[in-house]
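Here the structure is laid out as C-alpha cells; the discussion comes afterwards.
The values are calculated or read from the model by the stated rules, or taken from the named source; none is laboratory data. Fair warning: this is a prediction, and the values are worked out from it, not measured in the lab. Here the Cβ positions follow ideal geometry from the backbone for every residue, glycine too, while neighbour counts run over all protein chains shown. For the accessible areas, the whole protein counts, side chains as well, though only heavy atoms, and no ligand, DNA or RNA atoms are used. Shrake-Rupley method; radii C 1.70, N 1.55, O 1.52, S 1.80 Å.
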Amino acid sequence: MTEDEAREWLAQRFDVPRGTWDRLERYVAILLTEMEQQNLIAESTRPHIWARHIVDSAQLIPLAEDAGEGQWIDLGSGAGLPGIVVAILTDRPVQMVESRRKRIDFLNGVISELGLAGASVFGGRVETVPSTRAAIISARAYAPLPKLFESAVHLSDEKTIWVLPKGRNAQNELEAASRSWQGAFHVERSVTDADSAIIVAQAVRSVRRKARG
C-alpha cells in the first residue's frame, strides 16, 4: 500500500472530516519530530508512515465494530499505535497502557496537544492495571499470544473483542496459544500487507483455570 492509497483507504472507510484529518496530520508530525529524541517507530518506516502505522492501526476499528459499549484498552501503546489513532477516529474512550516513562510522557503530551478528551494513559505494567471489563483490547507488537492473554485476561470478559496484529506469525502464535487458551478465534488479512494477519478473538479463557474449576 502506497501513502496515497493509505490516505484514500482512510477517506473511504471512515469518511474523515477536516478536523479529524488535521489531528491525524498533527499526530504524524509530532511522531516524526519525537523520533529525534526516542526511537518510536522503525527508521525504515518513516517514508511509509501513513500505510505502515496509521492505516495499520485504523484497520483494527472495523474488526471490532460489533463490540458493546465500554473502553478500548491498548496494551504496550508505545508511540500510540493504535491507541492514539483509535482515539482520533472514534468516540470510544481509550486507555493506553505503557510502562516506559519517556513514552508515557510522549503519549500524555499528544493527548493534551490534540485535545483527545476520551484518551488516557495508565503508566505501569499491564499486569498491574485494575481489573475491568473492556469492550475491546488491542496490542501491537506487545507480546507473544500466550503471554499477552496471561497478562491481560483480567481486563476482559466473555464479550471483550481482542484485535491483535501479529504479522506473518499469526497462525503459529494461535496454534501455540491454543494449548492453554480457548475462545472464538479467527484470522483476518491485513489491508497494508498481504502476508500479515490480525487475530480477532472473543470469550478468551484459560484452559488451566477452567480445569481447576
**Q.** Filter result (assigned to a loop (DSSP other than H, G, I, E, B) and either within 17 Å of the chain's Cα centre (by Cα) or surrounded by 15 or more Cβ atoms within 10 Å (Cβ to Cβ) (or both)) within the stretch 170-198
**A.** Ser190, Val191, Thr192, Asp193, Ser196
Q: Would you be able to say whether some residue in the stretch 133-141 is modelled with pLDDT of 95 or more and assigned to a helix (DSSP H, G or I)?
A: no
Q: Among the numbered conditions (1) in a loop (DSSP other than H, G, I, E, B); (2) within 26 Å of Arg205 (Cα to Cα); (3) open to solvent by 40 Å² or more (accessible area, probe 1.4 Å), tell me where His154 comes up short.
A: (1)
Q. Can you find even one residue in the stretch 97-110 that is hydroxyl-bearing (Ser, Thr, Tyr), open to solvent by 60 Å² or more (accessible area, probe 1.4 Å), on the phi < 0 side of the Ramachandran plot and without any contact (Cβ under 8 Å) to a residue 60 or more places away in the chain?
A. yes
**Q.** Of all residues in the stretch 53-101 being in a strand (DSSP E or B) and among the charged types (D, E, K, R), the one that is nearest to the chain's Cα centre (by Cα)
**A.** Asp74
Q.
Criterion first (part of a strand (DSSP E or B) and open to solvent by 10 Å² or more (accessible area, probe 1.4 Å)) does Val121 satisfy it?
A. yes
Q | Inter-residue pairs, beta-carbon under 9 Å, first surrounded by 13 or more Cβ atoms within 10 Å (Cβ to Cβ) and in the stretch 23-35, second of a type in the set (Asp, Glu), 6+ apart | A | Arg26/Glu113; Tyr27/Glu113; Ile30/Glu113; Met35/Glu43
